[in-house]
Amino acid sequence: MLAFLLSLMLAVPGGASDGGQVFAKGQRFKAEVARTDMDRSRGLMYRQSLPKDRCMIFIYDEDGYHAIWMKNCLISLDVVWMLADGTVVEMAENVPPCSPVLGNDCPNYGGTIPSRFFVEFAPGTIRHLGLKKGDRLGWDLTLDNGQALVGGAPPVKEAAKAKGRRK
């Protein structure tokens, strides 16, 4: 019974109440947050789909080399690594799931440049947005303890208002 309940927790999206939005190139994505070691280890494993307007942001307290692997992933993903200010430093498009035949020998992707965060998007998102290194993403997240995490580039609408006030 315990194994069954654990498998349900792993397979059901949005188990935690952490969440919010990630902003990229004028688009808003509903975000799940992976901030604990367990959340980051699980990531998007066992998901059969990821809607184009959704993502998962992985939060770290310090910069580091945050490579990913696709063990137990069922879908391909686009991944974007960012500095603490949201600047894109590395990207990987259409990262494929790891074959179960490989067991724990799945290849690593990205994490070759120090970063603070990374975001996993549906495949094709990087190309669709025309995202490139040096662009900035933003986020507005609320953690399950009520803490707000807001950073990176503001949403386009708010950025335009701020620019208008500076004139």
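Within the stretch 14-166, DSSP assigns beta bridges of which about 90% are antiparallel (rounded to the nearest 5). The base-10 log of I(q)/I(0) for the stretch 14-166, evaluated at q = 0.20 Å⁻¹, reads -1.34 [Debye formula, identical scatterers on Cα atoms, solvent excluded]. Electrostatic tally near Asp85: other residues with Cβ closer than 11 Å to its Cβ, Lys and Arg +1, Asp and Glu -1, net +2. Estimated from the Cβ-Cβ distance and a Förster radius of 22 angstrom, the FRET efficiency linking Asp37 and Asn94 is about 0.25.
The simple Förster model, with R0 at 30 Å and r as the Cβ-Cβ distance, assigns Ile113 and Asp61 a FRET efficiency of 0.95. The modelled label-to-label distance for the pair Lys30/Ala148, using points 7 Å beyond Cα in the direction of Cβ, is 2.2 nm. All C-alpha pair distances within the stretch 45-95, sorted into 5 Å bins from zero, spread as 4, 15, 29, 26, 17, 9, 1 percent across the bins. Considering only alpha-carbon pairs that sit under 8 angstrom and 6 or more positions apart, the relative contact order computed for the stretch 14-166 is 28 percent.
Computed from the coordinates by the stated procedures, all read-outs in this text should not be read as laboratory data. Everything numeric here is computed off the predicted structure, so don't read it as measured data. Cβ atoms come from the backbone with ideal geometry, glycine included; neighbour counts cover every protein chain shown.
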